[in-house]
Number of protein chains: 2
Amino acid sequence: MSLTESAAVDVARSASIASRQLATLSNDARNQALSALHQALDKNRATILAANAKDVEMATRAAADGTLSHSILKRLDLSRPGKYDDMLQGILSVRDLNDPVGNVTLRKLLDEGLTLERVSCPIGVLLIIFEARPEVIANIAALAIKSGNAAILKGGKESMESFVAIANVVSEAIASSQVPVPSIQLVRTRDVVSSLLAQDSLIDLVIPRGSNELVRFVKDNTKIPVLGHADGLCSAYVHSDAKIDIAVKVIVDSKTDYPAACNSLETLLVHESLLDSTLPVVAQALLDKGVSLRCDSASMDALMKALPADKRNNLSAATGADYETEFLDLVLAVKTVSRAEDAIAHINAHSSGHTDIIITESREAANCFMSSIDSAGVFWNASSRFADGMRYGFGTEVGISTNKIHSRGPVGLEGLTIYKYLIRGEGHGAADYHEGEAGRKYLHKSLPIDK
Amino acid sequence: MSLTESAAVDVARSASIASRQLATLSNDARNQALSALHQALDKNRATILAANAKDVEMATRAAADGTLSHSILKRLDLSRPGKYDDMLQGILSVRDLNDPVGNVTLRKLLDEGLTLERVSCPIGVLLIIFEARPEVIANIAALAIKSGNAAILKGGKESMESFVAIANVVSEAIASSQVPVPSIQLVRTRDVVSSLLAQDSLIDLVIPRGSNELVRFVKDNTKIPVLGHADGLCSAYVHSDAKIDIAVKVIVDSKTDYPAACNSLETLLVHESLLDSTLPVVAQALLDKGVSLRCDSASMDALMKALPADKRNNLSAATGADYETEFLDLVLAVKTVSRAEDAIAHINAHSSGHTDIIITESREAANCFMSSIDSAGVFWNASSRFADGMRYGFGTEVGISTNKIHSRGPVGLEGLTIYKYLIRGEGHGAADYHEGEAGRKYLHKSLPIDK
């Protein structure tokens, strides 16, 4: 076993052991740790910002050299107005959410004196791998403690100084609480990621926070379940009976509100009957916002006919790859379909299962679309940009999952829990219930679930 | 791409496409398919039993040669009294369960005219790999159709004739219903398993039904989530204040009711204060039932002292490996602990996360044990043998999961579903809700969930 491997095992094992103790703490005890964390980060603001300034200085030079993107530089900077306070406030917001642990979701009397309960509990050990944003440390530490999970955090090298400073404050704050210190571990060693991703017997869930490349790397290199999404290829289908104003409003918002977001629109499917009516109006509105359209031949012909010459510059012929691309930019692929079924088939074949929308006045067409489309979010006459934990009212968001099991769509604290079955008996044995005349019968009587 | 690989892709892709259509069918339509399946299997009983007789004949010869175990031979035989009728009745039982699809679990008014719903839906495509039992085909086909999932089934070579006969009947029955025929596909090609396990973009969940070796092979050879458990290493801890009669009853039942089951007891942890009192009584009861005890030195010394000479034959010294072994036989490892914490640490380090129990009169000790033990089932004064979907009252059981996400413990139909988020709007865009004076505010008002 290499040093890196044995370090990874040590980290994961101590987190696993800590997670069991953390799982027994009351909501009050976990909340007290969050209050301590908030207080410590507030008190050590100057130290942390000084460390962060060093990271920003290094990154500014790297950005000037062209070896680092300006968006990473921007994400790195904790001194931007409001950012530090938002981080602090985020801890209190998480603290004040309902306790996700210990909720009884099933209670049954199996027989006299023999009760079954299903109760929510922490998953165990989370591994969070993130890129530049240093405030993620506080955010994830808060989510993990609130949900009773241990967390191992590994940040990017650009935020190393901030990371070390925050790590020290977090450890000190936790040490003053009932939460075991190894519950939150900040891994500074480089090259430890692969070794951590191999600890599938000790780590229960990986949450990558960063670029598509990071998520894809993590998914491809671990047997641990991964919560997240590599791609957000969202599509909209405009049905034959769509109202023009609704189509314009929803599509322009989906595409232009924040083009770099995973819930932005990337493909527009339009019913052929709308090529000369609704499509030109929608296209005009998009072009006015600076969107480039990559069109199939039918939509291209229609738009070349309908649009004035000076608007045709941002039209180009779509290639097959355009319908597989998450542009994350003011670019939209357009395709003509002759039936709703074709739109559904296209989306199920090309979408990333994130969020897809239909614009129609027909409840029947909407219901068919909503049950046929196999995505985390399926919206009717509403922008794909609503796919977001805060907008859904979850209070916080761990990430957006395109998995088909456990958690799907925006994941809140609930997604960091699982359940266990508890049975309380008075010395009951199963042999007494075997079939036959003398066998006792199970009652299987539902009992009220009092909070 | 090899022929096997391309066959696997074809099977998985057609199942995936069928799953989308299946997901739109009503409960009535799915139930009609189940009725048709029941009827067809009833009508073709003679043909299927004739095919099964060929499998049994082959297997009988193999068992005589010693190349096949007698337990597989026994599991293969559909003509044993009641077995075929149980299989038929099982289909009707699944049909008559509550619809697991389309249940709304969250409904919110995000703003006027903008509602969010979380609704249960099928996972998509299941891959079920099973060994000898031919009745699993009918059982799994029923579960898949009821839950709106497509299923690809791959059986063991011992049941090939039965498999082909049942497959033909299943396909014919489904063809007479609204369920698309590729929803249930029975793969006969040998050596296709590895290729199917590689289809992680088309297959959503694998359910292995068979030996620990099968489950472990599947878990080690796929990126698709696996529902199941390789091991069932269940432990019991007898606390210092345990009542003797409860300890005897629960431990004897846990160990001897059906030793080959995954929910049988394999390790007994006993508080040191009980070595000369409760332990000898429990040990005597186990020895009377033919159980061999593998003891640590403290428990061995105590039992050698307390038990009459003729009872000491079935005692032997435990090795470290005994505490890691799922005996599946009348063998039990015994270990002395000096504190409840030591029992908890031992179980969390050695248990397979299936089911563990505590025998105590103290609610406090029980609660601490139940929140500290990280297993799918944690029982107080009740036999581990209750860990079972039928006993829990779930109506049916897909398997018992020791996963830490999605489904844990006995998994019923609910474990074959996930959810999607549906938003219904009237042309709402997210930009209208941006911060600032003019920004609209989200209502996030919970709405009643009417069934």
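Taking R0 as 51 Å, what's the FRET efficiency between A:Leu328 and B:Ala175 from their Cβ-Cβ distance, rounded to 0.05? Walk me through the intermediate numbers first.
Details: r = 45 Å, r/R0 = 0.88.
Efficiency for this residue pair is about 0.70.
If you add up the charges near B:Val179, with Lys and Arg at +1 and Asp and Glu at -1, over every other residue whose beta carbon is less than 15 angstrom from its beta carbon, what do you get? Write down the numbers at each step before the final one.
Working: positive: B:Arg20, B:Arg30, B:Arg95, B:Lys146; negative: B:Asp28, B:Asp99, B:Glu172.
In short, +1.
For chain A, the longest principal axis of the Cα atoms and the long axis of helix A:363-372 meet at an angle of about 60 degrees.
Of interest is the spacing of the C-alpha centroids, which for region B:143-198 and region B:365-385 amounts to 38 Å.
Please state the relative contact order of region B:3-220 as a whole percent: Cα pairs under 8 Å, 6+ residues apart?
Result for region B:3-220 is 33 percent.
Scattering from the C-alpha atoms of region B:234-392 alone, worked out with Debye: what is log10 I(q)/I(0) at q = 0.18 1/Å? Computed log10 I(q)/I(0) values: -1.03. Beta-bridge orientation, region A:51-159: approximately 55 percent antiparallel, per DSSP, counting only bridges with both partners inside. Could you check the spin-label model distance between B:Asp342 and B:Ser35? Points 7 Å from the Cα along Cα→Cβ, value in nm. Going by the 7 Å Cα→Cβ label model, 6.3 nm. A:Ile128 sits among other residues whose Cβ lies under 10 Å from its own Cβ, and their net charge, with Lys and Arg +1 and Asp and Glu -1, is +2. Only protein atoms count toward the accessible area here, which uses a 1.4 Å probe; on chain A, the carbon and sulfur part of that area reaches 50 percent. Across the identical copies, the label point of B:Lys157 (7 Å from Cα in the Cβ direction) is separated from its matches by 5.2 nm, in order from shortest.
Rounded to the nearest 20 debye, the dipole size of region A:364-421 about its Cα centre is 140 debye, using +1 on the Cβ of Lys and Arg and -1 on the Cβ of Asp and Glu.
Neighbouring Cβ atoms from other chains, within 10 Å of the Cβ of residues in A:411-423, number 5 on average.
Can you give the calculated 222 nm mean residue ellipticity of chain B, where each DSSP H run of n ≥ 4 adds -39,500 (n - 2.57) and the sum is split over every residue, rounded to the nearest 500 deg cm²/dmol? Could the numbers behind the result be given before it?
Details: 15 runs with 179 residues, N = 451.
Calculated at 222 nm, the ellipticity per residue is -12500 deg cm²/dmol.
Beta bridges from DSSP with both residues in chain B: antiparallel share about 30 percent, rounded to the nearest 5.
What does DSSP give for the protein assembly as shown in terms of the percent of beta bridges that are antiparallel, rounded to the nearest 5? Show your work: numbers first, answer last.
Details: 38 of 128 bridges.
Expressed as a percentage, antiparallel bridges in the protein assembly as shown total about 30.
Take every Cα pair under 8 Å whose residues are at least 6 apart in sequence, average their separation, divide by the length of region B:234-392, and the relative contact order is 32 percent.
Distance distribution P(r), chain A, all Cα-Cα pairs, bin width 10 angstrom from 0: 4, 18, 23, 21, 18, 11, 4, 1, 0 percent.
The residue in chain B that lies nearest, by its beta carbon, to the axis linking chain B with chain A is given here with the distance in whole angstrom as B:His406, 2.
Charging the Cβ of each Asp and Glu at -1 and of each Lys and Arg at +1, and nothing else, the dipole of the protein assembly as shown about its Cα centre rounds to 240 debye. Over the Cα atoms of the protein assembly as shown, each weighted equally, I'd like the Debye log10 I(q)/I(0) at q = 0.09, 0.10 Å⁻¹, rounded to two decimals. Once normalised to I(0) and log-transformed, intensities are -1.02, -1.23.
Among A:His346, A:Leu49, A:Ala438, pick out the residue whose Cα is farthest towards the positive end of the charge dipole of chain A, where Lys and Arg carry +1 and Asp and Glu carry -1 on C-beta, about the Cα centre. It is A:Leu49. Sorted from closest to farthest, the other copies place their B:Ser2 label points 3.1 nm away, with each point set 7 Å from Cα along Cα→Cβ. Stokes-Einstein diffusion for region B:149-304, with the hydrodynamic radius set to the Kirkwood value over Cα pairs and evaluated at 20 °C in a medium of 1.002 mPa s, equals 109 µm²/s. The same position A:Val104 in the other copies lies at 2.7 nm from this copy, comparing label points 7 Å beyond Cα toward the beta-carbon, shortest first. Basic side chains Lys and Arg get +1 at the Cβ, acidic Asp and Glu get -1 at the Cβ, and with that the dipole of region A:1-115 about its Cα centre reaches some 200 debye. Of all lysines in the structure, those lying under 23 Å Cα to Cα from B:Lys445, and not within fewer than 8 positions of it along the same chain, are A:Lys451, B:Lys108, B:Lys420. Average accessible surface for chain A: 40 Å² per residue, computed with a 1.4 Å probe over protein heavy atoms with every protein chain in place. Once C-alpha pairs closer than 8 Å and six or more residues apart are averaged by separation and normalised to the residue number of chain B, the relative contact order reads 19 percent.
Candidates A:Val206, A:His38, A:Ser375 compared by Cα position along the dipole of chain A: farthest toward the positive end lies A:His38, with charges placed on Cβ.
When chain B is described by a simple charge dipole with +1 on each Lys and Arg Cβ and -1 on each Asp and Glu Cβ, the residue from B:Thr267, B:Cys295, B:Val179 located farthest towards its positive end is B:Val179.
What does the buried accessible surface come to for B and A, summed over both chains, with the probe at 1.4 Å? Round to 100 Å².
Working: alone 20960 and 20950 Å², together 35730 Å².
Chain pair B/A: roughly 6200 Å² of buried accessible area.
The values are calculated or read from the model by the stated rules, or taken from the named source; none is laboratory data. Here the structure is a predicted model, which means the values were calculated and not measured. Note that we place each Cβ from the backbone using ideal geometry, even for glycine, and neighbour counts take in every protein chain shown. Surface areas here come from the heavy atoms of the whole protein model, side chains and all, with no ligands, DNA or RNA. Shrake-Rupley method; radii C 1.70, N 1.55, O 1.52, S 1.80 Å.
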